[in-house]
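Peer 1: Shown below is the structure under consideration.
The values are calculated or read from the model by the stated rules, or taken from the named source; none is laboratory data. For clarity, every value in this text was computed on a predicted model and none was experimentally measured. All Cβ positions, glycine included, derive from the backbone under ideal geometry; neighbour counts span all protein chains shown.
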Amino acid sequence: MRGKGFVIVSGFVYALCSMNAIGEETPKGWVAPSSIVDALEARDLARNRNTNFREEKVPKYTLPDLLAMADGRKVADADAWRSQRRPEILELFRKHVYGRAPLGRPEGITFRVFDLERNVMGGMATRKQVEINFGGGQDSQKMNLVIFLPNGIKEPAPTFLLISHRDRSNLDPSRKAKSGFWPAEEIVERRYGIAAFYAGDLDEDSFDEFQDGVHAQFDEPGSRPADAWGTLAAWAWGASRAMDYFVTDKEIDHERVAVVGHSRGGKAALWAGARDERFAMVVSSSSGCGGAALSRRKYGNPVDIMNTKHPHWYCDNYKQYNNNEDMMPFDQHMLLALIAPRLLYVSSAGEDLWADPRGEFLSCIHANPVYRLLGVKGLQAENMPPLDSPIHTGRIGYHIRTGRHDLTEYNWHRYLDFADKHWKEK
């Protein structure tokens, strides 16, 4: 089946250009075991949620063409992508998904290193803690950045930045409480820096009508417009403020910084990397709907569940696509394409069907045309790989690991392997 149509969005006519209806294809490569599908289906039915975990129930769909501009013209070269199509797609996601965050580095932002210890982790690392004050005043919103850098290297350290939405204890700077979610020692042993901030410093993960956090500081008085930034955009904005600090620190290689997130943090990491091209690598762990997974598959947690359970994550405009994904003038492969030609890593988990592993893999595949247009290789695969069999050959990396919804040491080592291949081997 091939299809072609048009949708009018904000005065522009967007062509929904021809593409194979992926929902008709027989899944190739890894397939979710029926025992997991049956168990998750029974669990959701008991909760009165009619969630789809079966490939045969994925509807037919047509993806918007990455390389067709709003007026239907085809993108012919890299210059047209950078100057025309890429800005169009960024605007679609700002207006319809994540909302509009303040642009650029805030006036008055300050950085204060309030903790510097050169001999931690048995002498293996230097610890820094940095207070980032977004307005410079005593009452301005602030976030704390925890950093560990490897000792004994001559050059600035390539560094991974984690957007952490979990409890602050996962980022314990004393390392008395250690977490596989952020295995700082193992990352430093691999000769990388590791940094993280608690997402709640930007905006707590709860719906409070945006009365606190950075929204309270930066929003204009009065009612919020339908494209006002949500919580995920606030977290992504915070990652860019961490990058503002990195460019001032001579011990950090700010040209080799990877932004990392898991689940909702992975959605924010993808948006951070799409917005801010200073991030050389973007890593998404099980980010699912509104992250790496194709929304039109309506598999796992679809758009209406995201908006119902987490109304603060996205802008209000996103709600018009509840049970209406086919009317989107975008899908998540377009978000991944915004990261090209930089490094992108998407990871899934075999038991995490809510995040739609196949939809995440397919999104990477359908971002490939932009990587090719820009003269590099994207995801070098045709079929989903088996569990625990990473694909690292192109500038899009992917793996699906054994296990449930989590960010694990296995994930981190695969991200580091990918960085080794593309940053260190050269």
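Peer 1: Check the range 228-244 and report whether any residue there is within 22 Å of GLY403 (Cβ to Cβ), touching a helix residue (DSSP H, G or I) at 6+ places or on another chain (Cβ under 6 Å) and among the hydrophobic types (A, V, I, L, M, F, W, C).
Peer 2: No, the range 228-244 contains no residue that is within 22 Å of GLY403 (Cβ to Cβ), touching a helix residue (DSSP H, G or I) at 6+ places or on another chain (Cβ under 6 Å) and among the hydrophobic types (A, V, I, L, M, F, W, C).
Peer 1: Limited to the range 46-71, what total is found for residues that are exposed (fewer than 13 other Cβ atoms within 10 Å of the Cβ) and closer than 21 Å to MET327 by Cα?
Peer 2: Within the range 46-71, residues that are exposed (fewer than 13 other Cβ atoms within 10 Å of the Cβ) and closer than 21 Å to MET327 by Cα number 2.
Peer 1: Quick check on TYR61: is it modelled with pLDDT of 85 or more, of a type in the set (Ser, Thr, Tyr) and closer than 26 Å to ALA367 by Cα?
Peer 2: yes
Peer 1: Let me ask you something else. With the condition kept exactly as written, say whether any residue in the range 327-340 is in contact with a Pro (Cβ under 6 Å, 6 or more places away or on another chain), on the phi < 0 side of the Ramachandran plot and among the small types (Gly, Ala, Ser).
Peer 2: no
Peer 1: May I ask you to verify whether GLY213 is in contact with an Asp or Glu (Cβ under 6 Å, 6 or more places away or on another chain), crowded, with 19+ Cβ neighbours inside 10 Å and not acidic (Asp, Glu)?
Peer 2: When the stated conditions are applied, GLY213 passes them.
Peer 1: Continuing with this model, one more query. Just for the range 149-168: of the residues that are surrounded by fewer than 17 Cβ atoms within 10 Å (Cβ to Cβ) and either within 21 Å of HIS422 (Cβ to Cβ) or of a type in the set (A, V, I, L, M) (or both), which one is nearest to the chain's Cα centre (by Cα)?
Peer 2: The residue in question is GLU155.
Peer 1: Right, another one. Which residues, counting only those in the range 111-126, are touching a Lys or Arg at 6+ places or on another chain (Cβ under 7 Å), free of Cβ contacts under 8 Å to residues at least 24 places away in the same chain and closer than 16 Å to SER174 by Cβ?
Peer 2: Matches in the range 111-126: LEU116, GLU117.
Peer 1: Here are some residues: MET328, MET306, MET243, MET334. Which one is in contact with a Lys or Arg (Cβ under 7 Å, 6 or more places away or on another chain) and touching a residue at least 12 places away in the same chain (Cβ under 8 Å)?
Peer 2: MET243
Yes/no matrix, rows are residues, columns are (1) farther than 28 Å from LEU171 by Cβ; (2) out of contact with any Pro (no Cβ under 9 Å at 6 or more places or on another chain):
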| site | (1), (2) |
| --- | --- |
| GLY378 | yes, no |
| GLU382 | yes, yes |
| LEU387 | yes, yes |
| PRO390 | no, yes |
| GLY394 | yes, yes |
| HIS399 | no, no |
| GLY403 | no, yes |
| TYR410 | no, yes |
| LEU416 | no, yes |
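Peer 1: Could you check PHE93 against (1) surrounded by fewer than 17 Cβ atoms within 10 Å (Cβ to Cβ); (2) of a type outside the set (A, V, I, L, M); (3) at pLDDT 95 or above; (4) closer than 30 Å to ASN324 by Cα and say which number it fails?
Peer 2: (1)
Peer 1: Provide a single number: the residues in the range 365-387 that are in a loop (DSSP other than H, G, I, E, B), in contact (Cβ under 8 Å) with a residue 40 or more places away in the chain and surrounded by 22 or more Cβ atoms within 10 Å (Cβ to Cβ).
Peer 2: Adding up the residues that qualify gives 0.
Peer 1: State all residues of the range 149-178 that are within 14 Å of ALA196 (Cβ to Cβ), in contact with an Asp or Glu (Cβ under 8 Å, 6 or more places away or on another chain) and either of a type in the set (Gly, Ala, Ser) or assigned to a loop (DSSP other than H, G, I, E, B) (or both); if no residue qualifies, say none.
Peer 2: HIS165, PRO173, ARG175, LYS178
Peer 1: Which one is nearest to LEU103 (Cα to Cα), of the residues in the range 252-295 that are among the basic types (Lys, Arg) and more than 12 Å from the chain's Cα centre (by Cα)?
Peer 2: Ranking the qualifying residues of the range 252-295, first place goes to ARG278.
Peer 1: Could you grab me the full set of residues in the range 127-145 that are free of Cβ contacts under 8 Å to residues at least 40 places away in the same chain and not in a strand (DSSP E or B)?
Peer 2: Within the range 127-145, GLY136, GLY137, GLN138, ASP139 meet the criteria.
Peer 1: What single numbered condition from (1) at pLDDT 95 or above; (2) more than 18 Å from GLY135 (Cβ to Cβ) fails to hold for SER240?
Peer 2: Of the numbered conditions (1) at pLDDT 95 or above; (2) more than 18 Å from GLY135 (Cβ to Cβ), the odd one out for SER240 is (2).
Peer 1: Output the residues belonging to the range 314-364 that are in a strand (DSSP E or B) and under 13 Å from the mean Cα position of the chain (by Cα).
Peer 2: If the condition is that a residue be in a strand (DSSP E or B) and under 13 Å from the mean Cα position of the chain (by Cα), then LEU343, LEU344, TYR345, VAL346, SER347, SER348 are the ones that fit.
Peer 1: Report yes if some residue within the range 72-79 is assigned to a loop (DSSP other than H, G, I, E, B), of a type in the set (A, V, I, L, M) and without any contact (Cβ under 8 Å) to a residue 12 or more places away in the chain; otherwise report no.
Peer 2: Checking the range 72-79: at least one residue is assigned to a loop (DSSP other than H, G, I, E, B), of a type in the set (A, V, I, L, M) and without any contact (Cβ under 8 Å) to a residue 12 or more places away in the chain.
Each row is one residue, and each column tells you yes or no for (1) assigned to a helix (DSSP H, G or I); (2) under 20 Å from the mean Cα position of the chain (by Cα); (3) exposed (fewer than 14 other Cβ atoms within 10 Å of the Cβ).
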residue: ILE147; (1), (2), (3): no, no, no
residue: GLU185; (1), (2), (3): yes, no, no
residue: ALA195; (1), (2), (3): no, yes, no
residue: GLU204; (1), (2), (3): no, yes, no
residue: GLN217; (1), (2), (3): yes, no, no
residue: SER223; (1), (2), (3): no, no, yes
